[in-house]
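Comments concern the structure below.
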Amino acid sequence: MFPSDAHPLSVYEDIDINKIELTNQLRRDYGAVPELIDSIRKVGLLQPVLVRVNKDEQFEIVSGCRRYTACKALGFKKITCVIIEATEKEAFEISLIENIQRSSLEPLEEARAFRKYVLYTGWGGISELASKIGRSHSYIVKHIMLLDLPRDVLTLITSQELNASTAQELFPIKNYSKQSEVAKMIVNKKWSSKDTRHVVNNLKNQSKLDTANEYQFRDKSDEIRRIERSLSKSILILRIAMSRIAEIIDEYEDNWLIYETLMVEKNALHSQIDLALQMKKRLVKIMSGNNRLRLSN
């Protein structure tokens with residue numbers, strides 16, 4: 001990966017700020033901090049914003065979102081940019097690497113970025129991403145797993161009441177309600193990661209002793225949610241596989257035998273996706289029915 005000012009195909013230009021799009025960004029909140037606004041007001045924009053021309057022929061920010069936001073808050077008509085030639089994947093990688101190097105992403109923002117790269121777009125596997133951003137395989141996996149925690153636990157992480165490393169100690173607990181309960185105890189009692197690990201181990205041991213009773217009274221909605229989530233992941237993986245096969249098919253349009261064979265495989269994957277989507281819809285209906293029954297009781 002290259003620094004923004006060393007890209008072999010880059011052009012410096014003052015661009016109308018209204019012609020720059022802030023899309024596909026890693027952070028959810030790009031509010032310009034007062035210190036940055038004050039600095040740009042006094043000394044100007046010292047580091048240009050990095051942009052690319054996207055498929056819609058629009059300028060899209062690759063890095064420098066807070067600088068762009070600050071300039072917009074100051075009423076700038078134009079902003080100095082470095083325009084580079086980059087695909088959507090390359091732009092995403094540049095933005096991710098820069099944000100990680102600056103430690104400017106929150107844990108869940110990192111997690112969503114990792115998930116998008118590995119699962120949603122099929123740009124590469126975990127090992128490839130780990131190599132690009134200089135993080136371990138387990139670092140990426142654990143961050144993605146954070147997104148599987150209950151919503152109220154994610155809220156505690158977002159509000160910084162619960163740090164990510166301590167939240168990761170909740171992974172061995174398979175019951176969402178119990179994960180939420182322990183997370184609240186962590187916050188209220190100010191437990192460390194070590195304290196949490198000890199409590200979770202005790203819960204696991206207790207669970208082994210009470211397996212029969214736990215199975216009898218297990219929260220069925222939790223079980224359904226787990227299955228529904230597994231189906232969602234399976235659908236994503238199947239879609240990625242179908243996309244890859246489609247790319248290969250394009251290369252063999254002139255070879256009837258290979259083309260037809262690959263089309264059969266592609267159609268089979270399409271059918272599997274349809275079946276998984278139907279199963280997912282049924283599970284959603286079951287969950288909705290359980291929730292209505294619970295409310296009526």
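None of the figures in this text is laboratory data; all of them are computed from the coordinates on show. Because the structure is predicted, anything quoted here is derived from the model rather than measured. FYI the Cβ positions are ideal-geometry reconstructions off the backbone, even for glycines, and counts take in every protein chain you see.
A few points about this structure:
- Annotation: the antiparallel percentage among DSSP beta bridges lying fully within the range 17-124 is about 40.
- Net charge over other residues, Cβ less than 13 angstrom from the Cβ of residue 260 (K, R count +1; D, E count -1): -2
- Full extension of the chain segment joining residue 102 with residue 128 gains 7.3 nm, where the gain is 0.36 nm per residue of separation less the Cα-Cα distance.
- Pairwise centroid distance, computed over Cα atoms, of the range 245-266 with the range 10-75, Å: 43 Å
- The label-point distance for residue 253 and residue 18, in a model that sets each label 7 Å from Cα toward Cβ, rounds to 4.1 nm.
- A rounded overall shape is assigned to the range 97-148, the ratio a/c of its alpha-carbon gyration tensor axes (a ≥ b ≥ c) being less than 1.5.
- Taking Cβ atoms as reference points and 12 Å as the exclusive limit, the residues near residue 248 contribute a net charge of -3, counting Lys and Arg as +1 and Asp and Glu as -1.
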